[in-house]
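So the structure is just underneath, and the comments pick up after that.
The values are calculated or read from the model by the stated rules, or taken from the named source; none is laboratory data. All values reported here derive from a predicted model rather than from experimental measurement. Ideal geometry is used to build each Cβ from the backbone, glycine not excepted, and the neighbour counts take in all protein chains shown.
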C-alpha cells in the first residue's frame, strides 16, 4: 500500500498536463491525487517542497534506468556514454514534468536538492574517468555533469535529440582526458 | 558615525546613481564580507542618505542594477584582457581565465546571481550575459574550426559557469577545474 506522500508524488506527471508551475497549489495537488488539501499540507511544507520531492523521484527513476542499462558494461567511457544516453532520453520522455523542474531550479530549495544529487553523479562519473587515467577525474566529472545538464536543457527546448550537442559531449569524453 | 561628505557631492539623481553604483562596486570588491547598507554606500559615494531611496525605492531594484553593473565590469575585463589578440585557442583560454578571475574578484556577482535568479528581471539579465559569453566562445571555436562550435560553446559555457560557482564556494581558484576546461582544447584535433 502506497503512502500519502507516494500518492501525492505519483500525481505529479498527470498534473503537469493541467497546470503550469505557477498555477500549482496545495488544493490542486491534493485534488489531483484524489485526496484533499489537508493531506498535502500534512505531508509537504510547501509547493516547492513537493517539487523537490518530484525532482528526487524523477532522479531516482533515472538512476534505476541508468543502472539497468549499464549493469553489464565494463567501467570506462562507453559506460559513461551509455549512462548519458539513458539520462538524456529519460529527460526527454518526461518533458512536461521537466518543464516544471527546470523552471523550479531558480528556487534555492530546489537548486540545492539538485546540486546534492549532481554531486553523487559527478563522483560516479569521476570514478569512471579515473579508470581511464584522467587527471583530476572528480573535477572532470563535475564539469561533465554541468555539461550534460545543459545538454538536457537544449534537448528539452528542442523537444528532441540534438545530435550536435550529444556529439560535443562524446567529443569531450574522447578528448578531454590525458594529453594525447 | 561620520556624516556624509557633501562638499563635492553630485546633486542630480543620475550622477548620484552613478556615484552610488561605483561606490558599491568598490565596496563589494574591497570589503566583500561587510554588508552593503544604504548608509555605508552613501558615505562611500559622498552623497546624502536620501539619495539612495530617491534612486532605488526598493532594495531589489538596487540589487538588479548592481548585478548589471558588476557583470558589465566582468565583460569589460575580458574584453580588455583579450584586446588586439587574434581569435583562436590563446584568446579563448585568456578570455576564460579573465572571466573566472573577474568573477572571483567580485564574489557579489555570484551571490547576487543566486539571489536574483528567481526574479524575472534578474533572470533575464543573467540569461543575456550567459548568451553573450556563449556567443563569444562560439566565435573562437569557429575560428579554430572546431566541430559543432555552437553546441560545444553552449556546453563549455556551462562548464565555465560551474567552475565560477565552485571558485565562489571555495573562495579561491580551483586549478583542477580550470585545467579540465583547458585540457580538452589543448588536446586539439588530431
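Among the residues of the range B:111-127, write down those that are surrounded by fewer than 18 Cβ atoms within 10 Å (Cβ to Cβ) and touching a helix residue (DSSP H, G or I) at 6+ places or on another chain (Cβ under 9 Å). Don't jump to the end; show me each part of the working.
Quick first cut of the range B:111-127, residues surrounded by fewer than 18 Cβ atoms within 10 Å (Cβ to Cβ) only: B:111, B:114-115, B:117-121, B:123-124, B:127.
Residues satisfying the conditions are B:111, B:114, B:115, B:117, B:118, B:119, B:121, B:123.
Looking only at the range A:21-39, how many residues end up being exposed (fewer than 15 other Cβ atoms within 10 Å of the Cβ), in contact with a helix residue (DSSP H, G or I) (Cβ under 8 Å, 6 or more places away or on another chain) and within 22 Å of residue A:98 (Cβ to Cβ)?
Residues flagged as exposed (fewer than 15 other Cβ atoms within 10 Å of the Cβ), in contact with a helix residue (DSSP H, G or I) (Cβ under 8 Å, 6 or more places away or on another chain) and within 22 Å of residue A:98 (Cβ to Cβ) within the range A:21-39 amount to 1.
How many residues, within the range A:109-118, are without any contact (Cβ under 8 Å) to a residue 12 or more places away in the chain and either more than 12 Å from the chain's Cα centre (by Cα) or under 16 Å from residue A:152 (Cβ atoms) (or both)?
Qualifying residue count for the region: 3.
Of all residues in the range B:178-190 being within 8 Å of another protein chain (Cβ to nearest Cβ) and part of a helix (DSSP H, G or I), which is surrounded by the most Cβ atoms within 10 Å (Cβ to Cβ)?
B:180
Can you name the number of the only condition in (1) without any contact (Cβ under 8 Å) to a residue 40 or more places away in the chain; (2) within 23 Å of residue A:170 (Cβ to Cβ); (3) more than 12 Å from chain B (Cβ to nearest Cβ) that residue A:137 fails?
In the conditions (1) without any contact (Cβ under 8 Å) to a residue 40 or more places away in the chain; (2) within 23 Å of residue A:170 (Cβ to Cβ); (3) more than 12 Å from chain B (Cβ to nearest Cβ), residue A:137 misses (3) alone.
Exactly one condition in (1) farther than 22 Å from residue B:175 by Cα; (2) assigned to a helix (DSSP H, G or I) is not met by residue A:123; state its number.
Only one criterion in (1) farther than 22 Å from residue B:175 by Cα; (2) assigned to a helix (DSSP H, G or I) is unmet by residue A:123, namely (1).
Please specify each residue of the range A:153-170 satisfying the condition of being within 11 Å of chain B (Cβ to nearest Cβ) and outside any helix (DSSP H, G or I).
Correct list: A:162 only.
Rundown of residues vs (1) exposed (fewer than 14 other Cβ atoms within 10 Å of the Cβ); (2) under 17 Å from residue A:59 (Cβ atoms), yes/no style:
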| site | (1), (2) |
| --- | --- |
| A:116 | yes, yes |
| A:125 | no, yes |
| A:128 | no, no |
| A:133 | yes, no |
| A:144 | no, yes |
| A:151 | no, yes |
| A:165 | no, no |
| A:169 | no, no |
| A:179 | yes, no |
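Out of the range B:56-100, which residues are touching a residue at least 60 places away in the same chain (Cβ under 8 Å) and within 10 Å of the chain's Cα centre (by Cα)? Quick ask: steps written out before the conclusion?
Here is the first cut: in the range B:56-100, the ones touching a residue at least 60 places away in the same chain (Cβ under 8 Å) are B:64, B:89, B:92-93, B:96-97, B:99-100.
Correct list: B:99, B:100.
Which residues, taken from the range A:40-62, are free of Cβ contacts under 8 Å to residues at least 24 places away in the same chain and either within 13 Å of residue A:11 (Cα to Cα) or touching a helix residue (DSSP H, G or I) at 6+ places or on another chain (Cβ under 6 Å) (or both)?
A:41
Restricting to the range B:161-177, name every residue that is part of a helix (DSSP H, G or I), touching a residue at least 12 places away in the same chain (Cβ under 8 Å) and more than 9 Å from chain A (Cβ to nearest Cβ).
B:164, B:167, B:168 - these are the residues of the range B:161-177 that are part of a helix (DSSP H, G or I), touching a residue at least 12 places away in the same chain (Cβ under 8 Å) and more than 9 Å from chain A (Cβ to nearest Cβ).
So residue B:148 passes all but one of these: (1) on the phi < 0 side of the Ramachandran plot; (2) in contact with a helix residue (DSSP H, G or I) (Cβ under 6 Å, 6 or more places away or on another chain). Which condition number does it fail?
If we test residue B:148 against (1) on the phi < 0 side of the Ramachandran plot; (2) in contact with a helix residue (DSSP H, G or I) (Cβ under 6 Å, 6 or more places away or on another chain), just (1) comes out false.
Out of curiosity, is residue B:32 assigned to a loop (DSSP other than H, G, I, E, B) and either under 23 Å from residue B:106 (Cβ atoms) or modelled with pLDDT of 90 or more (or both)?
yes
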